[in-house]
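Undergrad: The structure under discussion is supplied below as structure tokens; questions concerning it will follow.
The values are calculated or read from the model by the stated rules, or taken from the named source; none is laboratory data. Nothing here was measured: the structure is a model prediction, and the numbers come from that model. Cβ atoms come from the backbone with ideal geometry, glycine included; neighbour counts cover every protein chain shown. All accessible areas refer to the heavy atoms of the entire protein, side chains included, with ligands and DNA or RNA removed. Shrake-Rupley method; radii C 1.70, N 1.55, O 1.52, S 1.80 Å.
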Amino acid sequence: MTGSHTPPRLRRLGIAAVGALVVVGAAAGPAAAHAEVTASDPRALAENVTLSFTSEAESETAGISELRVVLPKGIAPEAVTLKDAPKEWKLTPTPDGYAIGGPALATGTDAEYSVTVRQLPDAKSLAFKTLETYGDGKVSRWIEVPTDGEKVDNPAPVLELAAAAPGAVPLAPGSPSPAPSPSAAGASAQPSNAAPSAESVAAARARATSEKDAGSGTGAVVGAIAAALLLAAAGTFWWVRRDRSEA
């Protein structure tokens, strides 16, 4: 009985082909969906930075309806404002970060949005742990932070930061925009049409009284001189008339 004989070369090719199919089959499994983050100015202590997030859709039956983000140390929830998001989505601060969501997106649609951060902290990298909630209640947790280059199954979005710009300093929490200069503040605090103070009124009255007194004194002197002149004229007139009578 003669059996079939497969040449060694063909046998090796067959084994390689099976191995390739196994690799392709493994790669064709569940998609490695994940969340990512990028920055308009990825430097430590950078101010007014736009962070753009993308959460890949992994459900085949429902769309993403909400994302909850845990902020890294150094970024307070009140320092984050919404810049752009899917229609009707809103941002709500939470004790440890924020939630952003609204009507569920179409199935298979990635969730993309951006926020503005007042200032990035002085760090080398920032992890934004993210929970994705779908319209059917399913939750995907991208919260693992890889360390020492290891790979994790559900990595959180991580932003690598460059060194801070020369002269950059941390802003005081909740500090407003630069305050006006002292001269400007003084001008605004003392408007031109402000009512005169009690001191200025008293000084004005004192000056008026002094001027009045001075005017009264001057009038008395002038009156005395005029009276003396009148007396002198009357005496002269009387004297001349007396001389004429005697003549």
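Undergrad: For the stretch 71-176, what proportion of DSSP beta bridges, expressed in % and rounded to the nearest 5, is antiparallel?
TA: Bridges in the stretch 71-176 that DSSP calls antiparallel: roughly 95 percent.
Undergrad: Can you list the HN-Hα couplings for the stretch 87-95, worked out from phi with the Karplus curve (6.51, -1.76, 1.60; θ = phi - 60°), rounded to whole Hz and with x for Gly and Pro?
TA: Karplus values, whole Hz, x for Gly and Pro: 3, 6, 7, 10, 9, 10, x, 10, x.
Undergrad: May I pose another question? Pull up all non-local amide H partners of K83: gap of 5 or more, or a different chain, and H-to-H distance under 5 Å with H placed in the peptide plane.
TA: Answer set, sorted by chain and number: S114, V115, T116.
Undergrad: Counting only protein chains, not ligands or nucleic acids, how are K90, K124, K138, K83 ordered by accessible area (probe 1.4 Å), most first?
TA: Working: K90 150, K124 170, K138 90, K83 125 Å².
Ranked from most to least accessible, the order is K124, K90, K83, K138.
Undergrad: Amide H of K129: which non-local residues (sequence gap of 5 or more, or other chain) have their own amide H closer than 5 Å, using H built in the peptide plane?
TA: V70
Undergrad: Same structure again: Under a 1.4 Å probe, what is the accessible area of the stretch 99-145 per residue, stated in Å²?
TA: 45 Å²
Undergrad: How do 127-133, 91-97, 48-54 rank on mean C-beta neighbours within 10 Å, highest first?
TA: Packing proxy ranking, top to bottom: 127-133, 48-54, 91-97.
Undergrad: Relative contact order (percent) for the stretch 49-146, with alpha-carbon contacts under 8 angstrom and 6 or more residues of separation? Please list the in-between numbers first.
TA: Working: 215 pairs, mean separation 39.6, N = 98.
Relative contact order for the stretch 49-146 comes out at 40 percent.
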